[in-house]
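In what follows, a structure is listed as structure tokens, so that the remarks can point back to it.
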Amino acid sequence: MGVKRSLRFPAIILATLTALAGCASTATRLPEISAPDLLAESLLQESRALEVQSAHRHRLSRIGRRILLANAELCPKTRRDIGVIIHSDDSYAKEMRIAARRELGVLDRPSIFHVIPNSPADIAGLKQGDVILIDEKAVDATDKALQDALSSERAALSIDRDGQRRTITVEPQTLCHSRLRLRSSAAINAIADGRHITVTTGMMEFAQSDDELAMVIGHELAHNTMGHIRKVIGNLILSGFATRYTRPFESESDYVGLYYMVRAGFDPDGVETFWRRLADVDPRSVNRAKTHPTFPDRYLRIAAARGEIRAKQAAGEPLVPNFKADAEGE
Ligand SMILES: [Zn+2]
């Protein structure tokens with residue numbers, strides 16, 4: 001997806017260099033600021049930034065998990081999941097680690113950062129700050145030991161909560177294999193790499209409704225499940241390293257992704273408006289068709305796909321995409 005908001009780094013660097021080259025004293029007398037005020041303001045800005053980032057991660061996981069769960073039977077690869085985000089120092093940029101410890105209670109070992117509402121973890125009573133232990137070792141979400149522990153219908157997990165040991169029984173669910181990731185970037189973008197669905201903070205802000213975000217996640221999930229990455233390509237809804245050969249895959253992901261979002265209970269009515277709004281902020285890309293279909297093409301095809309889905313719903317037919325007669329299963 002890739003509308004880069006103009007950040008004008010070069011201009012800033014240029015201005016800095018000019019100032020240095022001038023090596024000059026400035027002409028005006030600036031108002032004084034105090035060191036305590038400066039410290040307080042920097043703590044405040046770090047705290048706000050982490051709060052915004054946390055809200056994005058909660059929303060991304062809440063919406064994404066619904067889609068990964070509802071489409072598990074259509075996904076060629078699946079994994080077991082209980083609905084927690086686990087974090088540690090490594091989850092944060094180096095510059096933000098001290099703030100993350102201060103504001104979010106990040107530990108030096110993996111601990112639960114967020115329990116997704118109504119997930120198995122929520123139902124079982126897991127809480128933020130809990131540490132899941134397997135063989136006395138704190139596990140991360142992607143650790144194989146955790147996947148193995150979740151393979152049965154009911155899993156007894158050993159938990160460290162504020163230094164107290166307890167055992168909690170959860171009933172894991174099967175999800176599509178893709179994992180969700182948030183990337184701090186003002187670019188309006190989402191990326192599939194075969195294993196992950198990465199959504200930028202710029203996209204989180206641009207996708208106003210949860211239905212729009214569900215469409216974006218559905219699109220990226222389709223890239224992963226339809227084997228598009230293997231079938232030559234890179235990624236991206238809109239931009240990037242892709243070639244003109246990616247265009248049919250983009251249309252296919254729009255089509256299959258819309259089924260994914262509807263199957264997860266999201267409302268497809270009007271989601272194509274996303275493309276008009278993107279045109280508002282990125283008019284030069286409207287009719288650019290190098291790596292992706294044009295915005296008008298995508299707008300119309302999404303509306304048409306919705307018509308097809310609505311007809312199937314009305315007829316009580318299963319909500320699965322139409323495959324070509326000779327299509328190989330992926
Ligand atoms: Zn795409």
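Read-outs throughout are calculated quantities, based only on the coordinates presented, and are distinct from any laboratory measurement. From a predicted model like this one, the values you see are computed outputs, not experimental measurements. Glycine also receives a Cβ, built like all others from the backbone with ideal geometry; neighbour counts cover every protein chain displayed.
At a glance:
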| read-out | value |
| --- | --- |
| Net charge dipole size for the stretch 128-172 [Lys, Arg +1 and Asp, Glu -1 on Cβ; Debye, nearest 20] | 120 debye |
| Gained length - Lys127 relative to Glu51, 0.36 nm times residue gap less alpha-carbon distance | 25.5 nm |
| Within a Gaussian network of the chain (alpha carbon springs, distance under 10 Å), most fluctuating of Arg263, Arg247, Arg284 | Arg284 |
| Spin-label pair Asp37/Asp89, simplified geometry with 7 Å Cα→Cβ offset, distance in nm | 3.5 nm |
| Additional length obtainable on full extension of the chain from Asn322 to Asp143, 0.36 nm per residue less Cα span | 60.8 nm |
| Rounded, prolate or oblate (a/c below 1.5 giving rounded, otherwise prolate when a/b exceeds b/c) for the stretch 178-315 by Cα gyration tensor | rounded |
| Highest-first arrangement of 44-50, 287-293, 176-182, where packing means the average Cβ count within 10 Å | 176-182, 287-293, 44-50 |
| Net +/- balance of residues flanking Lys312 in space, Cβ distance below 12 Å, scoring K and R +1, D and E -1 | +1 |
| Normalised convex hull volume, the chain, alpha-carbon set, Å³ per residue | 181 Å³ |
| Helical segments meeting 18 Å axial Cα length and Kyte-Doolittle -0.5 threshold in the chain (DSSP H) | 9-22, 35-70, 210-225, 295-315 |
| Computed helical MRE - 222 nm, the chain, DSSP H runs ≥ 4 contributing -39500 (n - 2.57), nearest 500 | -13500 deg cm²/dmol |
| Gained length - Lys312 relative to Arg59, 0.36 nm times residue gap less alpha-carbon distance | 88.1 nm |
| Ratio of the Cα radius of gyration of the stretch 42-149 to 2.2 N^0.38 Å, where N counts its residues | 1.14 |
